[in-house]
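One structure is given here, and the rest of the page talks about it.
What follows draws every value from the coordinates through simple rules; no lab data is involved. Worth saying up front: this structure is predicted, and the values here are computed from it rather than measured. All Cβ positions, glycine included, derive from the backbone under ideal geometry; neighbour counts span all protein chains shown.
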Amino acid sequence: MKHWRALLCGLALIGPAALAGTPDNVDLPDASIHIVRSGNADAPDIAVLRNWISDAATAVRTYYGRFPVRRLRVIVQPLEGHGVRTGTTYAFHIATIRVSVGRDSGAADLVSDWIMTHEMVHLAMPQFANRHAWLEEGLATYVEPIARAQAGQLTEEKVWGDMFDDMRKGLPLADDRGLDNTSTWGRTYWGGAMFYLLADVQIRERTANRLGLQDALRAIVAAGGSHLAAWEVDRTLAIGDEATGTTVLTDLYREMRDEPTAPDLADLWRRLGVDKHKGQVILDDAAALADIRRAITQQPATN
């Protein structure tokens with residue numbers, strides 16, 4: 001989850017009292033991540049936190065070919081119990097992610113977590129006006145599992161099985177309008193993810209699978225389009241389209257922003273070769289778009 005246009009509120013949240021604690025670092029080839037456990041907490045263990053954050057950063061670097069920002073502060077707020085509860089991404093002096101983590105969490109509690117990677121993906125897109133929140137949340141929802149798969153942290157079956165189950169949550173309901181005008185949870189997160197899935201497939205279809213959404217998103221980051229910037233949507237998507245030599249992002253945005261577009265997901269899954277039977281994920285490598293499906297989760301040749 002990102003924190004929309006809340007500079008003053010965000011500054012209050014990470015004032016001196018909130019930042020009291022023991023910092024540590026995750027040093028990447030192109031960025032530094034500073035970890036702070038809020039208050040006087042000494043749990044969860046800093047080594048467990050460092051490994052968890054490092055794994056998420058590796059997934060994001062694998063997908064984007066670089067870390068989206070040079071400096072990141074991660075504020076860990078300990079709660080009772082195990083596991084990760086919530087995460088929020090802020091942008092002001094430096095990029096900041098605030099997460100709530102059970103103080104009794106060990107490595108086993110964090111190894112399957114998606115929240116940290118989701119929040120880090122937010123760093124790789126400029127901030128838009130509030131009505132475009134679906135472009136930001138949808139991106140994090142779509143890219144997070146793919147980035148983790150490319151980094152060897154998730155299986156292809158896990159990625160596509162979860163999307164098969166959850167993507168329908170983004171379909172418009174009877175009274176819904178376009179994504180710019182319907183701010184429900186399902187439309188914001190999964191309607192946005194649907195936009196990026198459709199864009200990924202269409203770009204790969206038009207480029208004979210040479211390029212995909214990943215190339216467009218890398219170009220946006222390379223042009224300075226991180227969460228520290230506030231850009232217009234048209235400018236951002238045009239950069240991505242130029243990188244792929246298509247107009248897929250711009251055209252699809254204009255189609256889905258105002259009208260309650262409902263793609264035929266059953267047909268899309270059939271063409272991609274994704275199905276489920278009695279809870280088991282079935283990936284059909286003979287499907288028409290199976291090569292595209294595999295290319296989406298395949299680790300890039302170079303990072």
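Across the options 248, 282, 64, the greatest Cα extent toward the positive end of the charge dipole of the chain (unit charges at beta carbon of Lys, Arg, Asp, Glu) belongs to 64. Counting charges near residue 250 (Lys, Arg +1; Asp, Glu -1) among other residues having Cβ under 11 Å from its Cβ returns a value of -2.
Summing charges over neighbours of residue 279, with a neighbour being any other residue whose Cβ is under 15 Å away from its Cβ, gives -2 when K and R count +1 and D and E count -1. Computed from these coordinates, which is Cα extents along the principal axes in Å: (1) 59, 48, 39; (2) 55, 41, 41; (3) 52, 49, 34? For Cα extents along the principal axes in Å, the calculated option is (2). Under the convention that each Lys and Arg Cβ holds +1 and each Asp and Glu Cβ holds -1, the size of the dipole of the chain around its Cα centre is about 520 debye. You can think of it this way: the chain between residue 173 and residue 206 has 8.9 nm of extra reach, that is 0.36 nm per residue less the Cα-Cα gap. Between residue 25 and residue 294, what FRET efficiency comes out of the Förster formula 1/(1 + (r/R0)^6) with R0 = 51 Å and r the beta carbon distance, rounded to 0.05? For residue 294 and residue 25, the calculated efficiency is 0.90.
Charges only on Cβ, +1 for Lys and Arg, -1 for Asp and Glu: so what's the dipole of region 47-166 about the Cα centre, in debye to the nearest 20?
760 debye
Between residue 277 and residue 250, the distance separating the two model label sites (each 7 Å from Cα on the Cα→Cβ line) works out to 4.5 nm. Between residue 286 and residue 258, the contour length at 0.36 nm per residue exceeds the Cα-Cα span by 6.5 nm. Among 173, 49, 123, the largest mean-square fluctuation in a Gaussian network model of the chain (Cα springs under 10 Å) belongs to 173. Would you mind counting up the charge near residue 292? Only other residues with Cβ under 10 Å from its Cβ, with Lys and Arg at +1 and Asp and Glu at -1. So the surrounding residues net to +1.
Rounded to the nearest 20 debye, the dipole magnitude of region 107-167 is 240 debye, with +1 charges on Lys and Arg beta carbons, -1 on Asp and Glu beta carbons, and the Cα centre as origin.
For the chain, with the dipole built from +1 on Lys and Arg beta-carbon atoms and -1 on Asp and Glu ones, taken about the Cα centre, which of 159, 32, 221 lies farthest toward the positive end? Going by the charge dipole, the pick is 32. A DSSP coil position with no more than 12 other Cβ atoms inside 10 Å describes the following trypsin sites (Lys or Arg not before Pro) in region 167-212: 210.
Dipole of region 130-297 computed with +1 at Lys/Arg Cβ and -1 at Asp/Glu Cβ about the Cα centre; of 211, 297, 190, farthest Cα towards the positive end is 297.
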